[in-house]
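Please read the structure below before turning to the comments.
The values are calculated or read from the model by the stated rules, or taken from the named source; none is laboratory data. Note that the structure is a prediction, hence the values are computed from the model and not measured. Here the Cβ positions follow ideal geometry from the backbone for every residue, glycine too, while neighbour counts run over all protein chains shown.
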Amino acid sequence: MKRFFFTVFFALSGIIILAQPVMKISATEHDFGKFKEEAGRQKFDFIVQNTGNQPLVIQNIVASCGCTTPEWTKNPIPPKGTGVVTAIYDPQNRPGQFNKTLSVYTNSKPAVTVLVLKGEVIPREKTVEELFIFPVGPVRFESNHLAFTNVKKTEKKIRTMQVINTSKEPAKIEFDNVPQHITLKATPQTLKPGQKGIIEGSYDATKNNSWGYTTDIIRIKINNVVDQKVYYAVSANLVEDFSGLSKDDMEKAPVFNIASKTVDLGKIPGSTSNDVEFKFTNGGKRDLIIRHIKASCGCTAVQQGILGQGIKPGETGSIKAVFNSGGYKGRTTKAIYVYTNDPKNSEVVLMINADVDQELASKK
């Protein structure tokens with residue numbers, strides 16, 4: 001009797017073990033080939049068949065990026081039944097080749113099946129409005145920002161930008177409020193209807209006393225009229241030229257060692273002036289020079305008396321500032337940018353932190 005019981009038990013166990021769904025899929029990879037971006041979303045159906053003896057459930061599908069959307073049969077797929085996994089690829093603003101995946105989670109083994117989607121999107125031809133996004137009257141510019149990025153204080157740099165006249169009349173392009181370190185000209189200066197041209201800008205860093213990131217706001221004049229509602233920004237990050245330093249110069253260079261780059265004032269009342277001091281030492285072998293100091297906002301006044309002074313090796317100094325808490329509330333952070341002739345640390349950002357409590361100000 002006992003032997004019969006075990007025989008029946010193991011037989012039933014075998015049935016339980018063998019009773020499971022099995023997913024068979026028509027393919028694990030699909031190549032959409034080449035297609036145009038304007039063709040829109042592409043779809044492909046992967047056919048799923050349950051070759052097991054229990055219902056198959058597609059529990060979830062995870063795409064490798066937001067450009068691919070999966071759809072699938074939500075109901076359990078019975079034995080010998082079929083379902084579908086639909087892969088939808090959106091090519092908008094995604095030119096070029098792609099290789100994406102869908103991870104299909106089911107109650108079968110293996111629990112995860114990865115599907116691969118390939119193809120190549122041929123980019124559509126962009127419209128004038130997309131290529132020239134900044135309109136000024138009858139003229140459109142590629143942008144309202146001419147960025148020179150890093151410019152050494154010893155150099156003059158040139159940048160160009162395209163422009164187009166979209167009107168049916170000639171358009172003369174000039175610039176107003178241009179500082180001495182910048183030159184801007186349109187070639188040709190007068191564009192015929194539908195004609196493209198070039199805006200050429202030059203930046204002479206030797207004529208600008210600033211350091212670090214700077215932006216100049218320039219007005220555009222079209223047919224002798226300045227549009228006061230729009231502006232043209234010209235930016236540059238002005239940095240010291242260390243390219244001529246030899247290995248020996250680098251080893252003997254000044255070193256800007258600062259005790260702490262952050263000062264925390266703790267809890268302070270609003271509308272009060274708070275003194276801040278950052279102490280530093282010249283850890284190098286040549287004189288350290290503070291080229292420029294600027295604060296991130298007008299609420300922080302930085303003393304400029306230390307600028308241009310040669311701080312001898314081993315000597316200490318300090319950068320002093322006054323932070324006005326004004327109408328700020330809660331946690332407040334302000335920055336001070338320091339530019340030095342330390343080739344390895346030419347730009348240093350100092351931080352002022354404070355918890356401003358306006359109620360403390362009212363109690364005073």
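Matching residues to (1) on the phi < 0 side of the Ramachandran plot; (2) in contact with a Ser or Thr (Cβ under 6 Å, 6 or more places away or on another chain); (3) exposed (fewer than 13 other Cβ atoms within 10 Å of the Cβ); (4) in a strand (DSSP E or B):
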site: 33; (1), (2), (3), (4): no, no, yes, yes
site: 38; (1), (2), (3), (4): yes, no, yes, no
site: 44; (1), (2), (3), (4): yes, no, no, yes
site: 48; (1), (2), (3), (4): yes, no, no, yes
site: 66; (1), (2), (3), (4): yes, no, yes, no
site: 80; (1), (2), (3), (4): no, no, yes, no
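The number of residues in the range 50-64 that are assigned to a loop (DSSP other than H, G, I, E, B) and under 15 Å from residue 108 (Cβ atoms) comes to 6. Name the pairs whose Cβ atoms lie under 7 Å apart, with the first residue in the range 53-66 and over 13 Å from residue 84 (Cα atoms), the second aliphatic (A, V, I, L, M), and 6 or more positions between them or separate chains? Filtered contacts from the range 53-66: 53/19; 54/19; 55/77; 63/102.
Here the strands (runs of 3 or more DSSP E) wholly within the range 125-216 that include at least 1 residues being closer than 30 Å to residue 39 by Cα and of a type in the set (Lys, Arg) are 139-141, 196-204. Each residue in the range 138-151 was checked for being buried (at least 16 other Cβ atoms within 10 Å of the Cβ) and over 12 Å from residue 232 (Cβ atoms), and 4 of them qualify.
Of the numbered criteria (1) in contact with a strand residue (DSSP E or B) (Cβ under 9 Å, 6 or more places away or on another chain); (2) hydroxyl-bearing (Ser, Thr, Tyr); (3) within 25 Å of residue 155 (Cα to Cα), the one residue 260 fails is (3).
Does residue 126 qualify as being crowded, with 16+ Cβ neighbours inside 10 Å, basic (Lys, Arg) and either under 30 Å from residue 142 (Cβ atoms) or without any contact (Cβ under 8 Å) to a residue 60 or more places away in the chain (or both)? Here the answer is no, as residue 126 does not meet what is asked. Taking residue 169, is it among the acidic types (Asp, Glu), surrounded by 15 or more Cβ atoms within 10 Å (Cβ to Cβ) and not assigned by TED's automatic domain parsing to the domain that holds residue 337? The answer is no for residue 169.
Does residue 87 count as modelled with pLDDT under 95 and within 40 Å of the chain's Cα centre (by Cα)? No, not satisfied. Can you name the residue in the range 252-301 that is small (Gly, Ala, Ser) and surrounded by 13 or more Cβ atoms within 10 Å (Cβ to Cβ) and, of all such residues, is farthest from residue 353 (Cα to Cα)? Here the residue is 253. Annotation: residue 344 fulfils all but one of (1) within 30 Å of residue 267 (Cβ to Cβ); (2) surrounded by fewer than 17 Cβ atoms within 10 Å (Cβ to Cβ); the unmet one is (1).
Selection of the range 305-333 for residues being within 33 Å of the chain's Cα centre (by Cα) and either free of Cβ contacts under 8 Å to residues at least 40 places away in the same chain or at positive phi (or both) yields 326, 330, 331, 332, 333. Scanning the range 181-201 for residues that are loosely packed, with under 15 Cβ neighbours inside 10 Å and polar (S, T, N, Q) yields 187, 189, 190, 195.
For the range 82-105, a residue qualifies if it is in contact with a Phe, Trp or Tyr (Cβ under 9 Å, 6 or more places away or on another chain) and assigned to a strand (DSSP E or B), and the qualifying residues are 83, 84, 85, 86, 87, 88, 89, 98, 100, 102, 104.
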